[in-house]
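Report on the following structure.
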Amino acid sequence: MTAARFRVGPSDGPTVADVLERAGGASRGIAGAAAEGRAFLNGRRARPGDAVALGDELAVWPARRDAPGAPPVEVLARWGELLVASKPAALPTEPERRGTRSLVTEIAELLGLRDLPHAASRLDVGVSGAVLCATGARGRRHLAAMREAGRIARVYVGIAGGRVDGAGTWDAPIGAARARGGRSLPAVGGADARDAATRYRAVASAGRGAAPATLLRLDPVTGRTHQLRVHAAHAAAPLLGDRDHGGARSVTTAKGRVIPLSRVALHALRVTVPDERGELCAAISPVPDELRELWGALDGDGSAWDEVLSAPLEAALPLGAPSGTR
């Protein structure tokens, strides 16, 4: 697929939406491209209200909605221009260049928003759970201030391949490292490594023999890319299904059943943030059935999921970086 490209002329109008409407006529495929995240102004993703200048280039990528098996997006809570939505594992948080179905495009369609909401954190494809978003300029400014002040708190739950005991803090610095095929992936001690901290607690154990597993509560103190996944792998307990960081591609139950893993066993369970009046607001994204079923297949105790949010953790480290991860 290739992009359709348009050069802004003197009579095309002052905004991206005006140019696209003129270029596409009644065709939603072009006129609605900015709202779906498929329009790029001079190489950068454009919003409908972005101003244009004579000679600017707009590129519009064809729509491609191919996130098979992804359940519907659900808005869990809304406070003014802030909201929390539950992202299915199969969806990207934001649209890819070609406009693949994404969390923010689904939210915009669901709520009838003209502009795409701004996600305060990006959960990767393969990771599910609660995502905090802003739906307007005021909400974006508020989220930026809360992030800078370290007032956004997140709780994750993950299933690690391996045995983890007790509780503590993983604090190995994270940077970028070259992976096979020329990809650059986050890694402990990689190039330009920055301080990183994740508080963890082993909630329950499962699995038998050579294939143990641990249900983990994970609280990010800092917000490095892939932080929870990298730290778990560095602790010799990569998250199940996390192929980028050494996680198992499948697990074998005690009865010999082989279960292929199509996602990372990581879920953003809860997000907490003060609203614009200073009142603390929280939203919980229920644990997906596939993770509960995986834990059960490993002979894990189903009641352990209810213990995650009540599990005590160590005091937060005195790091000033904002929290959030993926």
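Some values worked out for this structure:
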| quantity | calculated |
| --- | --- |
| Count of segment 227-252 residues which are open to solvent by less than 20 Å² (accessible area, probe 1.4 Å), in contact with a helix residue (DSSP H, G or I) (Cβ under 8 Å, 6 or more places away or on another chain) and either modelled with pLDDT under 95 or more than 14 Å from Gly168 (Cα to Cα) (or both) | 7 |
| Only one of Glu57, Glu21 that is modelled with pLDDT of 75 or more, open to solvent by 40 Å² or more (accessible area, probe 1.4 Å) and touching a helix residue (DSSP H, G or I) at 6+ places or on another chain (Cβ under 9 Å) | Glu21 |
| Residue list for segment 91-106, restricted to those being farther than 11 Å from Ala35 by Cα, of a type outside the set (Asp, Glu) and crowded, with 17+ Cβ neighbours inside 10 Å | Leu91, Pro92, Thr93, Thr100, Arg101, Ser102, Leu103 |
| Residue count for segment 187-207, restricted to those that are over 17 Å from Arg292 (Cα atoms) and open to solvent by 30 Å² or more (accessible area, probe 1.4 Å) | 10 |
| Which numbered condition Phe40 misses (of (1) at pLDDT 70 or above; (2) surrounded by 13 or more Cβ atoms within 10 Å (Cβ to Cβ); (3) not in a strand (DSSP E or B)) | (3) |
| Options Val84, Val104; residue that is among the hydrophobic types (A, V, I, L, M, F, W, C), part of a helix (DSSP H, G or I) and under 26 Å from Asp219 (Cα atoms) | Val104 |
| Of the criteria (1) among the polar types (S, T, N, Q); (2) within 19 Å of the chain's Cα centre (by Cα); (3) buried (at least 22 other Cβ atoms within 10 Å of the Cβ), which one Ser184 fails | (3) |
| Residue list for segment 162-184, restricted to those being in contact with a strand residue (DSSP E or B) (Cβ under 6 Å, 6 or more places away or on another chain), assigned to a strand (DSSP E or B) and in contact (Cβ under 8 Å) with a residue 24 or more places away in the chain | Ala167, Thr169, Trp170, Ile174 |
| Which listed residue, of Ala120, Ala160, Ala149, is farther than 22 Å from Arg229 by Cα, out of contact with any Phe, Trp or Tyr (no Cβ under 6 Å at 6 or more places or on another chain) and small (Gly, Ala, Ser) | Ala149 |
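The values are calculated or read from the model by the stated rules, or taken from the named source; none is laboratory data. Being a predicted model, the structure only gives us computed values, none of them experimental. Cβ: placed from backbone, ideal geometry, glycine included. Neighbour counts: every protein chain shown. Areas reflect the complete protein model, heavy atoms only, side chains present, ligands, DNA and RNA absent. Shrake-Rupley method; radii C 1.70, N 1.55, O 1.52, S 1.80 Å.
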